[in-house]
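FYI, it's all coordinate maths here, none of it is from the lab. Since the model is a prediction, treat every value here as computed from it, not as a measurement. When we count neighbours, we look across all protein chains shown, and the Cβ atoms used for this are built from the backbone with ideal geometry, even at glycine.
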Amino acid sequence: MNLEELNAIAHSERLAQAQKRHHLHVCVGTACQALNSEQIAKALQAALKQRGLQQDAAVKCVGCPGLCSLGPLVEVISKEDSAGPRSLLYQFVKTEDADEIVAHLGGEPVKRLETPLDQPFFTRQLKIVLENCGKVDPERIEDYIAVGGYQALMKVLTEMTPQQVIDEITRSGLRGRGGAGFPTGLKWGTVAKADPNRYPTNVPEGIQSRKFVICNGDEGDPGAFMDRSVMEGDPHRVLEGMAIAGYAVGANYGFIYVRAEYPLAVKRLRTAIRQAQRAGLLGSNIGGTPFSFNVEIRLGAGAFVCGEETALIASIEGGRGLPRPRPPFPAEFGLWGCPTLINNVETLANVPPIILKGADWFASIGTEKSKGTKVFALTGQVKHTGLIEVPMGITLREIVFDIGGGMPEGKSFKAVQTGGPSGGCIPAEFLDMPVDYESLAKVGSIMGSGGMIVMDDSTDMVEVARFFMEFCMDESCGKCIPCRAGTVQIHRLLTKIQQGRATERDLQTLEELCDLVKHTSLCGLGQSAPNPVISTLKYFREEYLAKIKREPSVSANGKRVEEHG
């Protein structure tokens, strides 16, 4: 497919959609599917047929629009003769509501189901990665093409050299959205310059590439569903970002690594790959150019450590997911010994709009060192939970109280935990802190992949630390002793404190162990595992002290001195 054919499909699809006066968008993301949203879509279609409105209205199954706490969600977009389209959002929809919704098309809304679209949850967001989620049918490539899909890929293949693509990504200031925030353009440039013949390789037969692109969709943080929602709701955006990355670094083959616990994401990615191959947007000689790019899916077994790039590579190769020492880094010695580019889902989903709108546009969003937007899974003890995308530099207060709606009635804010098991717990004193890589690091947390768990005044911070340490202990691959043994010992000490059996000496040992594990573990799992403990000890130390037994003081001659109140 060339650019002219792509534009023809986009025009035809937009024309077909314009024939309908009403569009009913039904969320079929994982959360809403669990609440029978597919049956709701079928019920809406049946109601349209019963009322003879098939020519005037259409039901579209779409990805997550974000406000998960009010699902199942149905958005009704209607053409108005004078004032343009009107949108209504219905919450907590059931199959029995379908006929009433259809009966009110073009008229007064169903008040008992309506939730305002002008509420801060929506108006305070800035959507780049999520711009198509909730808008396009993830299982129809034509729907993606109609909103500009694959235009960026055609642009780089016909108008830009690989170095120009890398320069554009570098100037944009895009940083990796999977954890540490490494500059994306720098990583791309390193892979592009890497010599594929520097190390011995063992590439399987049939794969005609000596450089690779890997999309890391192994999202294992408790409470995180950012990458899952993008893969479910806009899979073609991820594929387009991968193909552009492949062109830029000189790779002709890519792998999407997704945990098997994401069956819906896997299903839609597989459908998207087949559709893109049939359309000539993946495979050989894309767009009639010499560039070829193929994509495969690899399923992970759910090991959290496989989010670390060297462990992920080992898993794709068919081995046990164990990290290895670096250097050499995957950019030089990666998959089967070849230079390998690894970016996560959100990073790659940012690429097409940067190419289309320009590096300066993207760089104008965010802060001086943290450009663009960030997708968060906002969960925990907050009124409005769901998927959000906000500009870098927004404050925690704006996220928690404006977008999230604040605490449930009668509760007050205590802390927010960012970065999953690798992050820290941030207390109320930092609510007005901007959310960017540098600011979070200063207070002992990280951006991570984007998990954000809000905690109210009923939360036991020692138990929070113990929960995350138990997770890291269970997920440790066991390769290095500091992580394998250290996380177990830290968890035992936290349990001892929680049960009221610990002493101040145990508290001192806990701090020493955290420092040891943090600075001597092999990979990021062990190095960041103590973060929740360290941050809660720093900001909520009184909760630890309240649970431990105070040891009697010791005099200079070694005799115990009883404390008196």
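Summary table below
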{"item": "Label-point separation, Ala546 to Leu35 (7 Å along Cα→Cβ), nm", "result": "3.5 nm"}
{"item": "Square roots of five times the Cα gyration tensor eigenvalues for the range 16-117, Å", "result": "20, 15, 13"}
{"item": "Positive-end extreme of charge dipole, the chain - chosen from Thr495, Val203, Ala359 (charges on Cβ)", "result": "Val203"}
{"item": "Nearest-0.05 FRET efficiency for Glu80 and Ala260, computed from C-beta distance (R0 41 Å)", "result": "0.35"}
{"item": "Candidate values (1) 79, 57, 43; (2) 93, 64, 39; (3) 69, 57, 44, label of the one derived for Cα extents along the principal axes in Å", "result": "(2)"}
{"item": "Kyte-Doolittle mean at least 0.5, axial Cα span of 15 Å or more - DSSP H helices of the chain", "result": "235-249, 461-475"}
{"item": "Cα-centre dipole for the range 16-117 with unit charges at Cβ (Lys and Arg positive, Asp and Glu negative), debye to 20", "result": "180 debye"}
{"item": "Gain upon complete extension [Ala363, Ala485; 0.36 nm per residue less C-alpha separation]", "result": "39.6 nm"}
{"item": "The range 373-456, relative contact order in percent, only Cα pairs under 8 angstrom and at least six apart counted", "result": "38 percent"}
{"item": "Segments 341-353, 314-326, 161-173 sorted - mean Cβ within 10 Å per residue, highest first", "result": "341-353, 161-173, 314-326"}
{"item": "Estimated distance in nm for a label pair at Gln50 and Ala8, the labels positioned 7 Å out from Cα along Cα-to-Cβ", "result": "4.2 nm"}
{"item": "Residue-averaged [θ]222 nm for the chain, counting only DSSP H segments that reach four residues, each worth -39500 (n - 2.57)", "result": "-11500 deg cm²/dmol"}
{"item": "Extended-chain gain in nm, criterion 0.36 nm per residue less alpha-carbon gap, Arg397 and Thr161", "result": "80.7 nm"}
{"item": "Förster-model FRET efficiency, 25 Å R0, Lys267 and Arg326, C-beta, rounded to 0.05", "result": "0.15"}
{"item": "Under 5 Å, built H, 5+ apart or other chain: amide partners of Val295", "result": "Gly254"}
{"item": "The range 87-185: C-alpha gyration tensor shape, a/c 1.5 cut-off, then a/b vs b/c", "result": "prolate"}
{"item": "Over the range 456-542, relative contact order from alpha-carbon pairs under 8 Å, at least 6 apart, %", "result": "36 percent"}
{"item": "Paramagnetic reach from Arg112 in the range 54-91 [backbone N under 18 Å; point 7 Å along Cα→Cβ]", "result": "71-74, 89-91"}
{"item": "Cα→Cβ-extended label distance, 7 Å offset, between Gln499 and Ala428, nm", "result": "3.3 nm"}
{"item": "5 angstrom amide H check on Gly300, placed H, neighbours 5+ away", "result": "Val258, Arg259, Ala260"}
{"item": "For the range 249-408: rounded, prolate or oblate by the Cα gyration tensor [a/c cutoff 1.5]", "result": "prolate"}
{"item": "Ranked Cys61, Cys133, criterion: other C-beta atoms within 10 Å, fewest first", "result": "Cys61, Cys133"}
{"item": "In sequence order, calculated HN-Hα J values of the range 280-286 (Karplus, 6.51, -1.76, 1.60; Hz; x Gly/Pro)", "result": "x, 9, 9, x, 8, 6, 4"}
{"item": "Relative contact order %, the chain, counting alpha carbon pairs below 8 Å whose residues are six or more apart", "result": "14 percent"}
